Amino acid sequence: MAATPRTRVAAETPSGTESADRVADVLISFAQSDRALGVSEIARNLQLSKSVVHRILQSLASRSIVQPVAGESTYSLGPAAIGFGPKAWSQLDIRSLAAPVLQSLRDQTRETATLSLLVGNRRVYLDQYESPQEVKMVVEIGPQYPLHSGASSLAILAFLPHHIAGEALEELREASPDVDLDAGAFFARLGEIREHGHATSLNERNTGAASIAAPFFDSANRVLGSVSSSGPAFRYSSTADDDHAVHARQVVSAARSITRILEDFAVQ
């Protein structure tokens, strides 16, 4: 007699739904944390047993959604989770939401206004409104850039956890082995960016280029990306201090406007 085939119905039962809820809660725990998490901490916060949390983490790790941190008994988000961010933002269509702000910033400064998004440990340009001036900066939309150099990247990095800044510094050292990098100066610069709310770069990532950038955030105050005003270095290096301060305020104001737009969108 042929065996009767079994049908998986766990997902339709109360226990299956409960299991799915637990997995979702564990993922949300990582999304809301700025550091790696351990089994005990997750179990305590979610009021689950350690064995249940361990099984969930093992399942997520097998799919690279989370990954164990070397030398520690903790886990962080894995490479497969990076894809969630771009997918979510593509559905949100942040480019359309931010477009009026970028266009206004371009009109105010007469320099190229750009929008960057944090993706994993990289930054990508999502959009730009080009300067009307004959000599101008134009960026390439799509490629990924490291977080260790340039105003658009540093404006993001300054508001990320300290260990990510440390990783960025090590990446910069690997990229510039002949340069004696001062870790103290690097972290001090990030502190100044946090204090002033914006970053400035001059001949840093590209020779002849300059930029002022400020971060924007989600409703939980997590940094999502940055807005910048970019142009040829000679127009920035020759600008009077008062004019530079006005320019910086315009960029910071644009970034804050995008933060407010995203907050309003989130509660709709």
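Since every read-out is calculated from the coordinates, none of them should be taken as a lab result. Here the structure is a predicted model, which means the values were calculated and not measured. Using ideal geometry, Cβ is built from the backbone for each residue, glycine included, and neighbour counts are taken over all protein chains shown.
Peptides 155-162, 181-188, 104-111 ordered by packing proxy, namely the average of other Cβ atoms within 10 Å per residue, highest first: 155-162, 104-111, 181-188. The length gained by stretching the chain between R260 and D218 to full extension, at 0.36 nm per residue less their Cα-Cα distance, is 14.3 nm. For the chain, the longest principal axis of the alpha carbon atoms and the long axis of helix 14-31 meet at an angle near 30°. Between helix 162-175 and the chain there is an angle of about 60 degrees, using the helix long axis and the longest principal axis of the Cα atoms. Using the Cβ-Cβ distance between V179 and L202 with R0 = 25 Å, the FRET efficiency computed as 1/(1 + (r/R0)^6) comes to roughly 0.90. The equivalent ellipsoid that matches the C-alpha gyration tensor of region 10-82 spans semi-axes of 20, 14, 11 angstrom, in descending order.
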